[in-house]
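Undergrad: Quick one: structure below, then a few questions.
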Amino acid sequence: MSTEKDREQAVRRIAHLRDELERHNHLYYVEAAPEISDQAFDRMMKELEELERQWPELASPNSPTQRVGGDITKQFVTVAHRFPMLSLSNSYGQDEVAEFVRRVEKEVGRTLYAMELKYDGVAISLTYKEGELARGVTRGDGEKGEDITANVRTVRSIPLKLRGDYLRDFEVRGEILFMRAQFEKLNAQREAEGEERYANPRNTAAGTLKQQDPKAVAKRGLDNFIYTLAADRPPTRSHYENILKCREWGFRTPDPKRRFIERTDSLEGILDFIAHWDKHRHALEMDIDGVVIKVDNLDIQAELGLTAKSPRWAIAYKFQAEQALTRLNDVQFNVGRTGAVTPVALLEPVLLAGTTVKRASVHNADQIAKLDLHFGDLVQVEKGGEIIPKITGVDLKQRPPGAKPVMYPENCPECGTPLVRDEGEAQHYCPNEHACPPQITRRIEHFVSRRAMDIGGLGGETVEELFRAGLVHNVADLYDLTREQLLGLGKGWGEKSAQQVIDGIAASKAIPFEQVLFALGIRHVGETVAKKIARGVTDIDRLMAMTPLELVAVDEVGGVIAESIADFFAVEGNRRIVERLRAAGLRFAIDPAQQRPVGDKLKGLSFVVSGVFEGFSRDSIKEAIEGNGGKVSGSISKKTSFVVAGADMGPAKRAKADELGVKVIGEDELRRMIEA
Ligand code: IVH
């Protein structure tokens with residue numbers, strides 16, 4: 001029975017944790033100056049989650065626990081903007097900027113301009129009421145947009161609660177985008193999972209925000225910059241000052257110290273800002289496609305007014321995308337692990353935005369047709385947001401006489417099987433997954449890679465050699481390899497290298513189930529998903545017997561993943577391989593130690609684990625405690641038996657332990673308790 005007093009205590013603790021978590025979130029994601037370790041943050045989050053579970057009536061949509069994403073949004077609701085979301089008129093040259101300044105000065109005299117970066121993302125309008133995020137709406141047609149609040153909440157640099165002297169009811173506008181590093185990380189992950197890379201950060205951000213599953217959005221790691229305050233009574237009459245105010249309230253706004261926003265009252269000042277960013281934009285951590293110049297004073301803005309759809313008090317200066325002309329020598333059609341065929345243009349090397357470019361992506365068949373590409377064409381390559389440059393045009397006048405058109409192959413360039421293209425998909429696939437050489441060898445390469453079965457001595461070239469020699473056709477064949485077979489390959493193989501491979505293969509039998517599952521290379525089953533499935537389902541027999549509907553009940557598994565797993569095990573050949581791997585001794589169930597306690601030495605004891613440890617990771621310390629019958633909790637209370645302290649345990653924790661008379665022990669002492 002919980003008393004009124006318990007409840008009061010929970011209310012206070014929840015409010016405290018929410019404030020602290022939001023503050024640390026801001027320090028981490030906006031200020032990039034964290035004060036506590038990730039683990040300490042996670043612990044607080046766990047405690048809050050636990051309390052909110054205990055007291056469901058105290059839940060709140062703006063609790064930091066909601067950052068990981070709430071329920072599926074069935075359909076986005078269209079809502080009208082209180083203040084219309086305007087667009088900017090674009091300019092591409094200094095003349096047009098000079099013309100803008102002349103026009104403004106003619107009407108209102110010399111005045112201050114605020115200059116900003118033009119972020120290349122997706123526009124968003126955020127409404128705050130009484131200091132809390134109330135709604136996030138896309139730009140839409142400028143008059144009305146879609147309510148994507150649930151997705152917006154997952155963007156860590158968007159405050160859910162404000163601080164300081166904020167207005168009671170107002171909107172901010174800004175751009176949601178991917179930082180380049182995060183975008184790269186996302187693509188590396190996609191590649192590891194056998195997926196196509198995303199083409200550029202902007203489109204990926206737009207696609208992400210349209211997803212109906214906020215949990216999926218949360219995992220992508222979007223970011224934002226705020227560039228407009230829209231309110232009936234803004235705090236000052238200066239746009240620049242208002243942006244600084246927004247910063248005080250907790251928003252991520254352009255940093256004046258880095259010249260992300262600056263003021264000037266002259267054309268020279270504006271041109272200097274443009275020149276600076278034209279030169280330095282490539283070194284930024286995110287994509288920009290220009291700069292924006294705005295009259296700073298709100299009253300003067302009103303005086304200048306609007307045209308049909310853009311304000312007369314602002315102008316965007318767009319940078320030219322960096323381009324170069326070069327010769328198209330050839331087009332390669334690469335076949336990946338999942339059979340996806342991607343055309344890659346081989347170019348005469350050319351210097352572009354500071355790097356030598358030899359290859360460019362052409363995306364797909366439609367793109368080849370649209371460009372009407374011919375071998376030997378002089379093509380225009382452009383480096384936009386994407387890392388790999390793309391071909392954007394062809395100089396038809398310079399086409400060599402008799403040049404042959406680039407044809408998209410109808411058959412797989414590697415195995416000759418007719419390619420297929422699924423309805424609505426841009427990509428062609430080779431469906432011959434069990435006999436198409438590069439698909440086979442890339443699957444094997446994935447299987448032996450470090451994060452999968454970690455078989456040392458087996459790189460890409462060796463895998464191909466084994467395949468060509470007819471020794472290995474699938475991952476199960478690896479476990480039938482003999483030292484003699486390897487030595488029989490001749491050139492390059494000696495006693496030592498052969499033994500190394502054989503040992504590596506033998507050692508891989510001890511790799512835990514979760515990694516084996518990842519190694520199988522099931523589409524969409526990356527490392528994290530494999531881990532969750534291994535823990536949740538515990539063995540392969542149960543997994544193979546599950547329907548997609550049962551699978552989605554597993555943590556981290558959504559519809560697409562569930563279908564993909566079911567499809568994989570529906571293939572007889574895949575089941576046979578699993579059986580052979582099992583017979584070879586691979587692990588297809590999680591370690592019993594992870595399932596149930598191995599001992600009960602710690603039965604009845606409750607532990608709090610804090611700090612960094614030498615011999616163990618924090619997770620393995622927790623596993624060791626739980627494996628021996630002990631309990632692990634997030635915060636110290638009267639019920640805590642021991643605090644296991646690592647190197648950097650905070651002083652507050654120690655004081656709390658002292659106050660409650662809880663004994664603090666080190667990892668050695670814990671070990672002794674278990675081994676006693
Ligand atoms: S101000 C009238 N400032 O560019 C004010 N917009 O074509 C309109 N954008 O939809 C917006 N960075 O998505 C403004 N510093 C910035 C911007 C910016 C990017 C985008 C925004 C808008 C589009 C205008």
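Read-outs: derived from the displayed coordinates by stated rules, not from any lab. What you see is a predicted model; the values in this text were computed from it and never measured. Virtual Cβ from ideal backbone geometry, glycine too; neighbours counted across all protein chains shown.
Undergrad: Taking the Cβ of LEU396 as the center, what net charge do the other residues with Cβ under 14 Å away carry, scoring Lys and Arg +1 and Asp and Glu -1? Intermediate values should be presented prior to the final figure.
TA: Values: positive: LYS370, LYS397, ARG399; negative: ASP372, ASP377, ASP395.
Every neighbour counted, the sum reads 0.
Undergrad: A follow-up question, please. Of HIS428, LEU551, GLY611, which is farthest along the charge dipole of the chain in the positive direction, counting Lys and Arg as +1 and Asp and Glu as -1 at C-beta?
TA: GLY611
Undergrad: Which Cα, out of LEU51, MET85, THR3, lies furthest along the positive dipole direction of segment 1-130 (beta carbon charges, K/R +1, D/E -1)?
TA: Checking the options against the dipole of segment 1-130, the answer is MET85.
Undergrad: Relative contact order for the chain using alpha-carbon pairs under 8 Å, separation at least 6, rounded to a whole percent? If you can, show how the numbers build up before the last one.
TA: Details: 1146 pairs, mean separation 62.2, N = 676.
Rounded, it is 9 percent for the chain.
Undergrad: To the nearest Å, what is the center-to-center distance of segment 439-458 and segment 275-292, using C-alpha atoms only?
TA: Comparing the Cα centres of segment 439-458 and segment 275-292, I get a distance of 40 Å.
Undergrad: Sticking with this one: Using every Cα-Cα pair within segment 316-454, state what percent have a distance larger than 26 Å. It would help to have the intermediate numbers written out before the result.
TA: On the way: 3433 of 9591 pairs.
Summing the P(r) tail past 26 Å for segment 316-454 gives 36 percent.
Undergrad: Hey, another quick one. Using only the Cα atoms of segment 238-310, construct the convex hull and provide its projected area averaged over every direction, in square nanometres to one decimal.
TA: Details: hull surface 24.7 nm².
About 6.2 nm², averaged over all directions.
Undergrad: Let me ask something else. Just flag the trypsin sites (Lys or Arg not before Pro) in segment 464-567 sitting in loop per DSSP whose Cβ has no more than 14 other Cβ atoms within 10 Å. Mind showing how you got there, number by number?
TA: Details: sites: ARG468, ARG483, LYS491, LYS496, LYS509, ARG523, LYS531, LYS532, ARG535, ARG542; in loops: LYS491, ARG523.
Passing both the DSSP loop test and the Cβ count: LYS491.
Undergrad: Need one number for segment 58-202: average projected area of the convex hull over its C-alpha atoms, nm². Intermediate results must be reported in sequence, preceding the final value.
TA: Details: hull surface 52.8 nm².
For segment 58-202, the mean projected area of the Cα convex hull comes to 13.2 nm².
Undergrad: For the chain, just run the numbers: alpha carbon Rg, then divide by 2.2 N^0.38 Å, N being how many residues it has. Please list the in-between numbers first.
TA: On the way: Rg = 29.7 Å, N = 676, 2.2 N^0.38 = 26.2 Å.
Output field value: 1.13.
Undergrad: Once segment 409-525 is represented by equal point scatterers at the alpha-carbon sites, with solvent omitted, what log10 I(q)/I(0) does the Debye formula produce at q = 0.09, 0.12, 0.13, 0.16 Å⁻¹?
TA: -0.29, -0.50, -0.57, -0.80
Undergrad: Filter LYS318/LYS370; LYS118/LYS383; LYS603/LYS631; LYS279/LYS390; LYS106/LYS318; LYS118/LYS318 down to the pairs with a C-alpha to C-alpha distance above 19 Å, please.
TA: Values: LYS318/LYS370 26 Å; LYS118/LYS383 17 Å; LYS603/LYS631 8 Å; LYS279/LYS390 21 Å; LYS106/LYS318 24 Å; LYS118/LYS318 8 Å.
Too far apart for the 19 Å limit: LYS318/LYS370; LYS279/LYS390; LYS106/LYS318.
Undergrad: Order these peptides, 424-431, 443-450, by their mean beta-carbon neighbour count within 10 angstrom, highest first. All intermediate terms of the calculation are to be shown ahead of the outcome.
TA: Values: 424-431: 16.1, 443-450: 20.1.
Ranking the peptides 424-431, 443-450 by packing returns 443-450, 424-431.
Undergrad: Can you give me the Cα centroid spacing of segment 608-676 and segment 1-55 in angstrom?
TA: 20 Å
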